[in-house]
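Everything below concerns the one structure shown next.
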């Protein structure tokens, strides 16, 4: 597992498309998850402004081969940590108020 593990909830490695909005961005930011738990997510994006930003998250959970069968999770959260890595930025955030939405209108 990871060194110096401090998380209370188990994280599951997963590369899922993630779409983020927040008050400092004029448009949705696309990224990909590294891992997800019941209370948090770590994802990669090209650029991120700062920690302690309130965000809205939308990510797809594939339920089959066809993207139309995906279910989207919508939730809010707070950015806890931002890490720079080469050409991308890693972001750790909380997950709050999770709801599930059919793929027809993500």
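The values are calculated or read from the model by the stated rules, or taken from the named source; none is laboratory data. Predicted model only: the values in this text are computed from it and were never measured. Every residue, glycine among them, receives a Cβ derived from its backbone with ideal geometry; neighbour counts consider all protein chains shown.
Under 6 Å by Cβ, and 6 or more places apart or on different chains, what pairs join a residue from the range 22-38 that is over 23 Å from residue 11 (Cα atoms) with one that is part of a loop (DSSP other than H, G, I, E, B) and at pLDDT below 95?
22/53; 24/49
Taking the condition of being touching a residue at least 12 places away in the same chain (Cβ under 8 Å) and either more than 15 Å from residue 22 (Cα to Cα) or in contact with a helix residue (DSSP H, G or I) (Cβ under 8 Å, 6 or more places away or on another chain) (or both), how many residues in the range 63-81 meet it?
Residues of the range 63-81 touching a residue at least 12 places away in the same chain (Cβ under 8 Å): 67-81.
From what is left, the residues that are either more than 15 Å from residue 22 (Cα to Cα) or in contact with a helix residue (DSSP H, G or I) (Cβ under 8 Å, 6 or more places away or on another chain) (or both) are 67-73, 81.
Final tally of qualifying residues: 8.
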